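Scroll down for the structure; my scribbles are underneath it.
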Amino acid sequence: MGEVRAGNETFIVFKDERKDGTAVSVASISNRDNQYAWFRSAAYVQIKSDGQKITSQDSWNSWEIETQSKEKFNVYCGLTSKSKTIIETKTGRTVKPKIDKKSGIYFYIESSNN
């Protein structure tokens, strides 16, 4: 669905269409000596149930992930029918997450240390 840079890390946010709905997960990309590794520290999180219609900002989730370098980040992910969405993070910041226009899923990642 998209790429997010937070701190010195690069994350890939991706979804999995399942029988019971849509789930999302996040992987960090590490680079060492021009070799890349895909690292995922958390399982998929169910974002949308099968048949669920999206109204303004129905549901959202947040969870913590850890990169291969042991840095911790908060992931915010949810559904929206709006073209622009604003969320408040655990650190009290008000931010505009990226939105996947096809699915209506928005996502934002920030360091847990902020």
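Coordinate-derived values only; no laboratory data. The structure displayed is predicted, hence computed values, not measured ones. FYI the Cβ positions are ideal-geometry reconstructions off the backbone, even for glycines, and counts take in every protein chain you see.
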- Go ahead and set up a Gaussian network model of the chain, Cα springs under 10 Å, then flag whichever of Gln35, Gln68, Gln46 fluctuates most. Gln35
- Query: Sorted from fewest to most neighbouring beta carbons within 10 Å, what does the list Ile86, Ile99 look like?
  - Reply: Ile86, Ile99
- Query: Hey, if you drop one equal point scatterer on each alpha-carbon of the chain and run the Debye formula without solvent, what base-10 log of I(q)/I(0) do you get at q = 0.10, 0.17, 0.24 Å⁻¹?
  - Reply: -0.29, -0.81, -1.43
